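See below for the structure under consideration.
The values are calculated or read from the model by the stated rules, or taken from the named source; none is laboratory data. In this text the structure is predicted, and so the values were computed from the model without any measurement. Ideal geometry is used to build each Cβ from the backbone, glycine not excepted, and the neighbour counts take in all protein chains shown.
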Amino acid sequence: MKKIMAIAAAAAFTASPMLASTYSATSAINGNSDHSVWLSYLGDDSDFSFDPAGIFMLDEGTGLGSLKGNAKSQTQSGGFAVNFNYSTDLSAYDNNPKFKSENGSSKMDDTFYLTMTGGTLTGFGYYAGIDFSTSTMPVPGDNTFATQVGTTANNKNGEFGLANWFFVNASVEGNCANEAIDLCNAIGTQGDINIDLAPVPLPAAGVLLLAAIGGFGAFGRRKA
């Protein structure tokens, strides 16, 4: 019964730092903003959208999470495979991160925080051969702003979402030249993720299985 209640809670967007869930990740849209990923060093080509939707997961047992998906350029043929890792361990922020507010967003009752523990951006298409490692970006430099999740947390609209700021670090390939872009100019620059999150529904078989489990539990109680 507790498991069923947890799944119902996910469907109602009552997220918890320790709720094991899988969410689809799409661009947080509001006004002129319509990107999933923004990479400052690309200038006019800086906006990317998850296509198809990315996947965000947070495991209750381990406190570890991930965001994966193909962020396709809105102006070029290609993009980056995003693979970011997270943890509910907030010791890097003295367990007291602050909400980073933009565009009228504010901390809500369901807001919680994560620490980005590492990540990669792997180029494909126009950006093939451009592979970066990434790390969390403290803004300002006092480590107060962690990855934030919750209603309005994407800083773009009133939907349930996620906002994550990061630094672009060394090229995974150790290469500083590419036909598409000078990689040297990318190191140490800013990127961000602003996404809407929607729970991925259980397959029909999973729903039936949970219903059956609940029925057996009720039968057991009656018999006792």
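Report whether or not residue 88 is loosely packed, with under 15 Cβ neighbours inside 10 Å and closer than 22 Å to residue 24 by Cβ.
No; evaluated as a whole, the condition is false for this residue.
Run residue 105 past the list (1) at pLDDT 90 or above; (2) polar (S, T, N, Q); (3) closer than 16 Å to residue 192 by Cβ and report the number of the one that doesn't hold.
Condition (1) is where residue 105 drops out.
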